[in-house]
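Read-outs throughout are calculated quantities, based only on the coordinates presented, and are distinct from any laboratory measurement. Just so we're clear, the structure is a prediction, and the values are computed from it rather than from any experiment. Note that we place each Cβ from the backbone using ideal geometry, even for glycine, and neighbour counts take in every protein chain shown.
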Amino acid sequence: MFSEETLYSVALRHCPLIGDMVFRKLVSEIGSAKEVWEISKSGLKNIYGIGRKISLEIGNPNHLKFAEEELDFCEKNNIKINLRHLGDLPYHLNECEDAPAILYQKGNYDPARQPLSIVGTRNITPYGKMFVQDFLEEIKTKKVITVSGLALGVDTEVHEISVLKNIPTAAVLAHGFHTLYPSKNKKLSERILEENGVLFTEFNSRQKPDRENFIQRNRVIAGLSNATIVVETAFGGGSISTASFANNYNREVYALPGKITDKYSQGCNQLIFQNKAAAISTLSSLAEQLGFHKESEKTGELFPSSEIRIQLPEIQQTLLKALDKNTPLSLDEISIKMQIPSYKILPDLLQLEISGYIKALSGRQYLAN
């Protein structure tokens with residue numbers, strides 16, 4: 001059984017012109033969805049920004065009847081109704097200013113797992129498939145839950161490979177639970193639930209997969225995670241909007257670079273060029289940046305990678321010994337310390353930086369990694 005607050009929340013959100021932001025304003029000022037529903041029209045007019053059209057819809061019995069039917073539908077279909085103002089949303093999504101007032105859920109969502117959003121084009125290439133498969137293989141033993149949109153292409157690959165590798169996965173839909181779009185992925189959605197995954201949607205059971213819903217859906221995909229990976233996308237692809245939402249939420253964005261002649265790498269390359277996404281260089285470095293390889297970092301400290309460093313040219317080994325991990329040295333200071341002209345050691349410093357052995361700071365200062 002659902003609470004009275006859930007009933008009035010669904011009714012209130014069903015009113016025309018009451019979106020997530022207006023809903024949040026009303027509930028925060030008055031106290032609860034039920035109290036908003038029962039407040040007098042004159043009381044509503046005293047709330048700044050709530051006009052006559054909105055106030056006339058609140059209390060309309062047709063919206064309450066819809067809410068009763070919606071709760072009945074959810075109860076019959078084992079659908080959970082999460083209310084933002086009661087703190088039901090997943091943590092990262094709740095932090096977003098424009099998060100859904102109501103989030104419908106089927107299946108299990110483990111808050112102890114690190115959510116990771118992975119999106120991309122419907123026209124996935126073998127290059128994109130290989131990345132998804134190899135990267136999920138890299139992190140399959142970590143406490144992660146992948147997040148995507150159940151669309152064809154990259155989304156489907158993410159969900160399918162996650163299920164295959166026993167990684168819980170969350171699919172965010174652009175419609176209500178009365179249908180499943182695309183229909184080709186109906187069996188996949190069932191497998192997601194069977195394998196301890198979850199389906200989310202902010203749309204009620206009357207809402208179809210209309211075009212505008214997909215952009216709205218993308219903000220939830222971005223909001224659920226601290227990081228979003230864009231695998232492949234063309235200029236102006238839907239994944240660009242997901243990356244934009246993630247940027248607006250101050251979340252990390254990573255993009256898989258590709259050839260400038262490859263149509264479905266051009267959007268990724270553009271995100272990187274515009275500093276809206278970090279370029280993915282290797283699977284291990286990406287996993288490390290996402291915090292999945294903290295244990296191996298400790299192992300690295302216990303067993304230094306001397307075998308790799310011994311292959312470096314003698315001048316570069318000497319440079320590494322001259323640098324400190326905590327106190328940066330300028331190019332001139334390194335030159336004096338080594339008694340070698342700065343122009344002769346600059347190329348080796350650059351090579352060490354590219355290889356990840358040292359870190360370059362502003363003012364031509366360097367630290368050992």
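Anything over 24 Å Cα to Cα? Flag those among LYS80/LYS186; LYS80/LYS208; LYS276/LYS344; LYS34/LYS65; LYS34/LYS80, in the order listed.
LYS276/LYS344
May I ask you to compute the full-extension gain from TYR127 to TYR91, defined as 0.36 nm times their residue separation minus their alpha-carbon distance, rounded to one decimal in nm?
Residue separation times 0.36 nm, minus the Cα-Cα distance, leaves 9.6 nm.
At SER330 and LEU56, where each label point lies 7 Å from the Cα along Cα→Cβ, what is the point-to-point distance in nanometres?
So the label points at SER330 and LEU56 sit 7.2 nm apart.
For SER284 and GLU190 in the same chain, what is the full-extension length gain: residue separation times 0.36 nm, less their Cα-Cα distance, in nm? Don't jump to the answer; show the numbers that get you there.
Details: separation 94, 0.36 × 94 = 33.84 nm, distance 3.15 nm.
The SER284-GLU190 span can extend by a further 30.7 nm.
What list do you get for ILE102, ILE58 if you sort them by fewest beta carbons within 10 Å?
Ordered by Cβ neighbours within 10 Å, fewest first: ILE58, ILE102.
Test of understanding: what is the full-extension gain from SER362 to LEU346, defined as 0.36 nm times their sequence separation minus their Cα-Cα distance? The partial results should precede the final answer.
Values: separation 16, 0.36 × 16 = 5.76 nm, distance 1.47 nm.
Roughly 4.3 nm would be gained on extension.
If one computes the Cα centroid of the stretch 177-199 and of the stretch 13-81, what distance in Å separates the two points?
If we compute the Cα centre of each part, the gap is 30 Å.
Can you tell me the orientation of helix 154-164 relative to the chain, as the angle in degrees between its alpha-carbon axis and the longest Cα principal axis, to the nearest 10?
80
Of the listed values [x] 1.11; [y] 1.23; [z] 0.97, identify the label whose number matches Cα Rg over 2.2 N^0.38 Å calculated from this model.
For Cα Rg over 2.2 N^0.38 Å, the calculated option is [y].
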